[in-house]
1. Put Asp348, Asp21, Asp44, Asp245 in order of accessible area, largest first, 1.4 Å probe: what do you get?
2. On a C-alpha basis, how far is the centre of the stretch 381-457 from the centre of the stretch 230-271 in Å? Whole number, if you could?
3. To the nearest 20 debye, what is the magnitude of the charge dipole of the chain about its Cα centre, counting +1 on the Cβ of each Lys and Arg and -1 on the Cβ of each Asp and Glu?
4. For the stretch 205-285, which trypsin sites (Lys or Arg not before Pro) are both in a DSSP coil and crowded by at most 10 other Cβ atoms within 10 Å?
5. Once the whole set of protein chains is in place, how much accessible area is left on Ile299, using a 1.4 Å probe, in Å² to the nearest 10?
6. Which listed residue (Cys359, Ala330, Trp23) has the Cα farthest towards the positive end of the charge dipole for the chain, taking +1 on Lys and Arg C-beta and -1 on Asp and Glu C-beta about the Cα centre?
7. Roughly speaking, to the nearest percent, how much of the chain's 1.4 Å accessible area is carbon and sulfur?
8. With angles folded into 0 to 90 degrees, how steeply does helix 322-333 sit against the dominant principal axis of the chain? Use alpha carbons for both and round to 10.
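The values are calculated or read from the model by the stated rules, or taken from the named source; none is laboratory data. Worth saying up front: this structure is predicted, and the values here are computed from it rather than measured. All Cβ positions, glycine included, derive from the backbone under ideal geometry; neighbour counts span all protein chains shown. Remember, those area values only see protein heavy atoms, side chains included, never the ligands or the DNA or RNA. Shrake-Rupley method; radii C 1.70, N 1.55, O 1.52, S 1.80 Å.
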Amino acid sequence: MLTKRQAVLIYNPVSGHGHLDSWNAMFVALMLEKGWKVLALTPDTGALMERLDQKGLANSPGLQLLDWNAHQPRMRTYLRGAWQRWDRLGDRYFYHRAGSETTSGLSFGEYWKRRMCQAVVPFLFRASYYAYTRYRRRYLTSHSLAVEDPESYMACPVDMARRVHAALRKARAKPALVFNMYMDTYRTSRPRWDEFAAINTLRWAGIRFVPPAMPEEPWYQLPSWRGMCILDERVRAAYSNELPDKVFGYLPDITETALPTDSTVFVREIHRRARGRKIVFLGGSIGGQKNLARWFELIRLADPGRWFFVQVGEIHRGTLTVEDVAALDAALAAPPENLLLHAEYLPDERVFNEVISTCDVVFAVYRRFSISSNMPGKAAHFRKPVLVSDRYLLGERVTRYGIGLGVDEDDAHAMLAGLACVMDKPVPEACFSRYCSDFSLTELAGRLEGFLHDCLK
């Protein structure tokens, strides 16, 4: 049984994208506030500490930050540095740059050192690069003939095992459980997970944001695996029926709701541009699921005297459809007067929240989006009606709680009618309150602690 005298290692494999840093900070803060010892392992400790500082927990005695790069061999680090120093030295003498010449003002030792380098370094520099290019050409040729790994862009579980193992050498406590904040990013190759199991001896669990219909990934068969958290009640039930001897927990899709202390320049610019018109907001990680083709069609259809549209977030063009790209490029080439487009990731989620708090409607009519989202939670917290697809999980939740409206995700005219409808028929306060209660930090804390205890029974 896990007790509060033990530690949990919270492992965050991805930083700087979407709301993953915020979720990591929320989980670390929650565990600290509940009295747990937390070992935090994340590629961007600055992002974590900045958020914990906002919560007054940056100096918590129960927190220890671990070294993300502790697994890197010292010899490899030394050789990389030595090659960089050689590259600078060779470049200086091969191209006769400043610092390679001999002058009358040099000391005896420095003079002969430079003479020796002038005679030897250019030849060795040329030879080393000849050898490197030959090796590089052979390496690329051999790998181009190999079958391409369709999951080569995904995270390797062996890397996780090595990072954790190396980082724990300087940990003040051994964790009773490792909790991975983003299992969706990992490869599903069985040999890789067998390698992981050969290194990892710790019990571990995690979160799956986009789970398949059934639990088929190889990690479910590992003896060290304890459980998985899922944000969809129905999927969690299906997994439990499929693997009744495993632990599957449901977590509400909560969100960070803090606001800046003062109004930001960005939000003041939105107000200046909107000039009293109703503001419709689309934001987050802008990929193919955000339905940009219909979003820009909606902007074209809407009365520019009544509606103003705001789009905020990093755009992942590689995930967009051909129609999405055409609509986006047209909007960038000739920006509509009633659109403010900020195509960058906002690292401070408080500013992102401030934009939502100043809008009138949240647009979340995503395309073929069957999973959970924290956008209805943000909309409910700031008392803004949300427009979603009338299909899938979001459509069911928004309809059940009455915090907005579901419309046809392929019909921009239906979206425009939906905007008018949610403006004409305000959402009752009780609907927002009920959603916020069921998707609250308090609800998450209780479910997460119960999940952790179940994992280690």
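1. Correct descending sequence by accessible area is Asp245, Asp44, Asp348, Asp21.
2. The distance from the Cα centre of the stretch 381-457 to that of the stretch 230-271 comes to 11 Å.
3. The dipole of the chain has a size of about 2100 debye.
4. Arg275
5. Roll a 1.4 Å probe over it and Ile299 shows about 10 Å².
6. Selected residue: Trp23.
7. Working: 12080 of 22510 Å².
Carbon plus sulfur share of accessible area: 54 percent.
8. On a 0 to 90 degree scale, this one is about 80.
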